[in-house]
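A short write-up of the structure that comes next.
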Amino acid sequence: MGEKTIGNFVRKVCNALWDQLVEEQFPFPTEESWRAISEGFKNTVHFPNCFGSVDGKYVRVLKYTSSGSMNLNYKYFFSVVLMAVVDSNYRFVYIDVGAYGKYCDSSVFQRTNFYRMLTDGRLNVPQPALIQEGSDVKLPFVLVGGPSI
């Protein structure tokens, strides 16, 4: 079999697996699930009201045919970007794979469905809450990211 045939087969199998498992493995977040993630951050790193951590990772690839420099990143190798939001145990809450390697994390993040839903208020993020017992100060829930997010 040729490389292109195998590549098409792998892509179709991966898409079929994703379609079957996405709802089970990546259920749409609820206010309760964000609160549980926040408790994890509060207990492990003493950071209250944090509902996730976001970062991107370059995944090295061979240069795509006719892609020019779209996948060439600032480290001078060809890549696609894996953008992920994780909980306090480094478990994926959201992933986006496939952005051109030339883009920085903040550009990739702003192109994700997660970002659109977050800015539109559709992610069920809890309302501001007390960060400790006995306090009357309420602070919003936040998403933390690396220096370029």
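Restricting segment 18-76 to residues that are surrounded by fewer than 16 Cβ atoms within 10 Å (Cβ to Cβ), of a type in the set (V, I, T) and within 19 Å of G98 (Cα to Cα), the residue that is modelled with the lowest pLDDT is T65. Just one of the listed residues (V144, V80, V93, V85) is under 15 Å from the mean Cα position of the chain (by Cα), more than 24 Å from F28 (Cα to Cα) and part of a strand (DSSP E or B), and it is V80. Yes or no: G52 touching a residue at least 60 places away in the same chain (Cβ under 8 Å) and either among the small types (G, A, S) or at positive phi (or both)? Yes, satisfied. Of all residues in segment 107-149, those that are among the polar types (S, T, N, Q), at pLDDT below 90 and surrounded by 10 or more Cβ atoms within 10 Å (Cβ to Cβ) total 1.
Scanning segment 1-53 for residues that are over 15 Å from P128 (Cα atoms) and among the polar types (S, T, N, Q) returns T5, N8, N15, Q20, Q25, T30, S33, N43, T44, S53.
The values are calculated or read from the model by the stated rules, or taken from the named source; none is laboratory data. Predicted, not measured: the structure shown is a model, and the values here were computed from it. Note that we place each Cβ from the backbone using ideal geometry, even for glycine, and neighbour counts take in every protein chain shown.
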